[in-house]
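All remarks here apply to the structure that follows.
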Amino acid sequence: MSGRELSVTLENLVRLTREISTAGGISPTAASVLARLGRIGPTGLSELARRTGVSQPAMTQLITRMERDGLVTRAAADGDRRVTLIALADLGRQVLEERRTERADVLDDLLGSLRAEDQSAIAAALPALERLVASVDAD
């Protein structure tokens, strides 16, 4: 397997998961922010912009909309009151969970349509893929 083969397959899988995740009616970038906050907890705006690959002004606008829609909250950091941390609000947690449930339901159906050996191969690959993602998220 090459990096290119993995890349194409993952691009297709990401496209599929975006298409089947409609809860909350939010953009892919907003969904990415919710997922990141769900994984790592409250985070500074500039860090969210960097990790999401958008400019800080664009992230500021997105967070302002998400806060207005009740998906996230802003709070001063304990150690430095000048730093504002963005955190999931209850509604943001709910939307995140609904999107995960949507994806899981569709993927369960798709996996169920595969041969047992394909299901086993996917299951066997998951731990390595998790380690691959964790190696990047650790940055």
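The values are calculated or read from the model by the stated rules, or taken from the named source; none is laboratory data. Everything quoted here is computed from the prediction, not taken from an experiment. Methodologically, a virtual Cβ is constructed for each residue, glycine included, from the backbone with ideal geometry; neighbour enumeration extends over all protein chains shown.
Quick one: would you say Ser32 is surrounded by fewer than 11 Cβ atoms within 10 Å (Cβ to Cβ) and of a type in the set (Ser, Thr, Tyr)?
On the way: surrounded by fewer than 11 Cβ atoms within 10 Å (Cβ to Cβ): no; of a type in the set (Ser, Thr, Tyr): yes.
Answer is no for this residue.
Has the stretch 107-119 got at least one residue that is among the polar types (S, T, N, Q), surrounded by 15 or more Cβ atoms within 10 Å (Cβ to Cβ) and free of Cβ contacts under 8 Å to residues at least 40 places away in the same chain? Before you say what the answer is, go through the steps one by one.
So the first thing to find is which residues in the stretch 107-119 are among the polar types (S, T, N, Q), and the list is 113, 119.
Cutting the leftovers down to surrounded by 15 or more Cβ atoms within 10 Å (Cβ to Cβ) gives us none.
Scanning the stretch 107-119 turns up no residue that is among the polar types (S, T, N, Q), surrounded by 15 or more Cβ atoms within 10 Å (Cβ to Cβ) and free of Cβ contacts under 8 Å to residues at least 40 places away in the same chain.
Among the residues of the stretch 44-77, which ones are at pLDDT 90 or above, among the aliphatic types (A, V, I, L, M) and out of contact with any Gly (no Cβ under 9 Å at 6 or more places or on another chain)?
Scanning the stretch 44-77 gives Leu45, Leu48, Ala49, Val54, Ala58, Met59, Leu62, Ile63.
On the phi > 0 side of the Ramachandran plot and either in contact with an Asp or Glu (Cβ under 7 Å, 6 or more places away or on another chain) or not in a helix (DSSP H, G or I) (or both): is that true of Gly79 in this structure? Quick ask: steps written out before the conclusion?
Numbers: on the phi > 0 side of the Ramachandran plot: no; either in contact with an Asp or Glu (Cβ under 7 Å, 6 or more places away or on another chain) or not in a helix (DSSP H, G or I) (or both): yes.
No.
Between a first residue in the stretch 89-106 that is among the hydrophobic types (A, V, I, L, M, F, W, C) and a second residue that is assigned to a helix (DSSP H, G or I), which pairs have beta carbons less than 7 Å apart while being 6 or more apart in sequence or on different chains?
Partner pairs satisfying both residue conditions: Val95/Ala23; Val95/Gly24; Val95/Leu34; Leu96/Leu34; Leu96/Ala35; Leu96/Gly38; Val106/Ile20.
Which condition number in (1) β-branched (Val, Ile, Thr); (2) closer than 30 Å to Met1 by Cα; (3) assigned to a loop (DSSP other than H, G, I, E, B) is the one that Val54 fails?
Answer for Val54: the failing condition is (2).
I'd like to check something: does the stretch 115-127 contain any residue that is part of a loop (DSSP other than H, G, I, E, B) and in contact with a strand residue (DSSP E or B) (Cβ under 9 Å, 6 or more places away or on another chain)?
Keep residues of the stretch 115-127 that are part of a loop (DSSP other than H, G, I, E, B), which gives 115.
Within this subset, residues satisfying the condition of being in contact with a strand residue (DSSP E or B) (Cβ under 9 Å, 6 or more places away or on another chain) are none.
No - not one qualifying residue is present in the stretch 115-127.
Being at pLDDT below 95 and not in a helix (DSSP H, G or I) is the filter; apply it to the stretch 83-99 and report the residue that is nearest to Ile26 (Cα to Cα).
Leu85
Applying the selection to the stretch 100-114, what residues are within 17 Å of the chain's Cα centre (by Cα) and either outside any helix (DSSP H, G or I) or among the polar types (S, T, N, Q) (or both)?
Thr101
Does at least one position in the stretch 35-48 carry a residue that is more than 27 Å from Asp109 (Cα to Cα), acidic (Asp, Glu) and assigned to a helix (DSSP H, G or I)? Even if it seems obvious, please write down each step before you answer.
Going through the stretch 35-48, the residues more than 27 Å from Asp109 (Cα to Cα) turn out to be 37, 40-48.
From what is left, the residues that are acidic (Asp, Glu) are 47.
The next check asks that each one be assigned to a helix (DSSP H, G or I); those that pass are 47.
Yes, because at least one residue in the stretch 35-48 is more than 27 Å from Asp109 (Cα to Cα), acidic (Asp, Glu) and assigned to a helix (DSSP H, G or I).
Would you confirm whether any residue within the stretch 4-24 is farther than 22 Å from Glu130 by Cα, at pLDDT 90 or above, out of contact with any Phe, Trp or Tyr (no Cβ under 9 Å at 6 or more places or on another chain) and not in a helix (DSSP H, G or I)?
No, the conditions are met nowhere in the stretch 4-24.
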